[in-house]
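Read-outs: derived from the displayed coordinates by stated rules, not from any lab. This is a predicted model, so every value here is computed, not measured. With ideal geometry, Cβ positions are generated from the backbone for all residues, glycine too; neighbour counts draw on all protein chains shown.
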Amino acid sequence: MPSEPRIIEPIKTTYKLNFLDKKQLNDLQEATLNILENTGVQFPSKKALKIFAEHGANIDYETNIVKIPRELVMKAMSSVPRYFILGARDPDLDLQLGEGVSYFTNDGCGHKVVDFYTGQERASNKNDVGMMACINDYLTSMSMCWTMVSAQDCGVTSPLHEMDIVWRNNTKHYQSVTMMGEELCRYGVEMATVLRGNLEEVRKRPPISLIVCTIAPLMQDKEAIEGALVLAEAGIPVAVMSMPTMGTTAPATFAGALAVGDAEIISATVLLQLAYPGAPVFHSMLHAWADPRTAAYVGYPLDSRLRYAPVEMAHHWGMPALGGAFGTESREVDSWQSAAEVATDPLLAGLAGAEIVTGLGLRDTYTLLYPEAIILDDDLYHKARYNLLNMEVSPETLAIDIINKVGPGGHFLSQKHTRKYMRTGMVRGVLHQLDAAGKYRDPVEYAREKVAWILENHHPEPPSADVQKEINRIVAAADNEMKG
């Protein structure tokens, strides 16, 4: 299997698809302002309450519910940067957010693995995190790296161990989905500072960012929000993610669920802006449905229009969006369901214009890892990427002189123009890989072979010995303090 150049291939497109019109966006924003001002959001954090109190929000200290006047909301939201940089270990792989570019990455925080070598299902560990970080580093669909599965063998300091092993196996931007709490986040900032050399360089090219989740409906998590404040102080990007479930933790209507989820995101964003104006923040909403017959979590019913609307809501607020894609409830790596549930996601998320999009590679509702699954999802991603590229129409590609030369009933195979373009005209995916007999191969077999090749041949350069020594010291100190 030939080596491929180490580049990032994001979705770049001039095409745009609107899921909401201007009036709908204004109505949804008005609903959020109404909820924040009259219903409020619970913040079980004395630090957060103190910041809100200093800026004139209305606080019920018995319930920890904060009601934020709309004027304060709009003033705070005016300082959110529309675009910023997600720095990578390799500066050539930095991500500059901007119009018409969607950067994708893997899904995150799974906790089960079907072992690549034994085929046995087991709990995920630190080595799995490193393995998938290496595969992520190789794939051009991966613009950044999420913690794909959790390092369950490392206990409460697992987020720091995950950061350590990712940096040793990946040179792209790293976004943690597990780091929570003020103490852990301070260690995380210290590790980022060691990697960059000083805090000013962290601010210029933050090598990490963090997902913090709200609690539906209309609550913030103490550890998440206090950790987010630590990172915002250091200029490290934070993605505030709400996950409303229609019918249980959110209204059973699209608009109602969007309003509840948006209020959770905006309330946290307002807090971060009040504390540190200009702090880089992503807006992210990954909703689901409750099956009315069983109350089971459902991510992909037949009508799932709501998945892409939050991207437009984020942009209406003047924020970049983190969109979700590729999730499947299938446990199988190669079932019809595992492809059908995600096939349109990268196309529609790209058309919606999400700045970053997560979700490649996990099965069983974001919990189960087959290492080869990411190769199959990578193929779906690139189908969407090619579909959204502009087509070149020029004298060379129109080939009128060649058409005139061949004429009716002729054949183009003998033409030099054909030989020049035929090899690049058809781009092979996993379904069109050939065996020695010239027949198409089984795609899962090919995906497994590609994983094995990557792990054997792709070895990203780790941090320098001095940096790694200092990172080891920080992680060991955290282990001693937090596990003791």
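In the calculated pair-distance distribution of segment 163-242, the portion above 17 angstrom amounts to 42 percent of the Cα-Cα pairs.
The angle separating the long axis of helix 182-196 from the principal Cα axis of greatest extent in the chain is about 50 degrees. In degrees between 0 and 90, to the nearest 10, how far off the longest principal axis of the chain does helix 222-233 point, with axes built from Cα atoms? Result, in degrees: 80.
Ranked by Cβ crowding within 10 angstrom, fewest neighbours first, how are 303, 479 ordered? Intermediate results must be reported in sequence, preceding the final value.
On the way: 303 7, 479 16.
Least to most surrounded, the residues fall as 303, 479.
Close amide H pairs (under 5 Å, H built 1.01 Å from N) link residue 281 with 238, residues at least 5 positions away or on another chain. Rounded to the nearest 10 degrees, the angle from helix 373-387 to the longest Cα principal axis of the chain is 80 degrees.
Taking amide H atoms as placed 1.01 Å from N in the peptide plane, the amide H of residue 146 lies under 5 Å from those of 106, 175, each 5 or more residues away in sequence or on another chain. Each of 299, 402, 430 was scored by the projection of its Cα onto the charge dipole of the chain, and the greatest displacement toward the positive side belongs to 402; charges sit on the C-beta of Lys, Arg, Asp and Glu. For segment 40-57, putting each phi into the Karplus relation 6.51 cos²θ - 1.76 cosθ + 1.60 with θ = phi - 60° gives couplings of x, 10, 7, 10, x, 9, 4, 5, 5, 4, 5, 5, 4, 4, 5, 10, x, 6 Hz, in residue order, rounded to whole numbers and with x for Gly and Pro.
Return the lysines within reach of residue 46: Cα separation strictly under 23 angstrom, same-chain partners fewer than 8 residues apart disregarded; answer none if there are no such residues. Residue 46 reaches 67, 75, 222.
Look at where the Cα atoms of segment 239-254 and of segment 163-185 average out, and the two centres are 27 Å apart.
The helix-based estimate of mean residue ellipticity at 222 nm for the chain, built from -39,500 (n - 2.57) per DSSP H run of four or more residues and divided by its residue count, is -12500 deg cm²/dmol to the nearest 500. Placing +1 on the Cβ of every Lys and Arg and -1 on the Cβ of every Asp and Glu, with no other charges, gives the chain a dipole of roughly 1000 debye about its Cα centre. Reducing segment 394-460 and segment 1-80 to their Cα centroids gives an inter-centroid distance of 46 Å.
Using a 10 Å cut-off on Cβ atoms, rank the peptides 115-123, 205-213, 470-478, 414-422 from the highest mean neighbour count down. Could you put the intermediate results ahead of the total?
Details: 115-123: 10.8, 205-213: 23.2, 470-478: 16.2, 414-422: 12.6.
Ranking the peptides 115-123, 205-213, 470-478, 414-422 by packing returns 205-213, 470-478, 414-422, 115-123.
Between beta-carbons, use under 12 Å as the cut-off and find the net charge around residue 157, counting Lys and Arg +1, Asp and Glu -1. Charge balance in the 12 Å sphere: -4.
Here's the list of aspartates and glutamates a cross-link from residue 47 could span, going by alpha-carbon distance under 18 Å and ignoring same-chain residues fewer than 8 apart: 60, 62, 182, 183, 221, 223, 226, 233, 264. With the cut-off at under 12 Å, measuring from each backbone N in segment 425-454 to a point 7 Å along the Cα-to-Cβ line of residue 386 picks out 425-433. Would you mind pulling out the separation of the Cα centroids of segment 82-143 and segment 275-337, in Å? That distance is 18 Å.
In this structure the amide hydrogen of residue 370, modeled in the peptide plane, comes within under 5 Å of the amide hydrogens of 114, 363, none closer than 5 places in sequence on its chain. Other residues whose C-beta falls under 12 angstrom from the C-beta of residue 224 contribute a net charge of -4, scoring Lys and Arg +1 and Asp and Glu -1. The candidate values were [x] 22.9; [y] 23.7; [z] 25.9; the one computed from these coordinates for Kirkwood radius over Cα pairs in Å carries the label [y].
A simple rule links phi to the HN-Hα coupling: the Karplus curve 6.51 cos²θ - 1.76 cosθ + 1.60 with θ = phi - 60°, which for segment 235-246 gives x, 8, x, 10, 9, 8, 10, 10, 9, x, 10, 5 Hz, with x for Gly and Pro. Ignoring lysines fewer than eight residues from residue 405 along the same chain, the ones with Cα atoms less than 29 angstrom from its Cα are 416, 420. Loop-located chymotrypsin sites (Phe, Trp or Tyr not before Pro) in segment 1-102 (DSSP state other than H, G, I, E, B) with a sparse environment of at most 15 neighbouring Cβ atoms within 10 Å: 15, 61, 83.
Annotation note: GluC sites (Glu not before Pro) in segment 1-69 located in DSSP loop regions with a Cβ neighbour count of at most 13 within 10 Å are 62.
Annotation: the residues 307, 423, 331, sorted from fewest to most other C-beta atoms within 10 Å of their own C-beta, follow the order 423, 331, 307.
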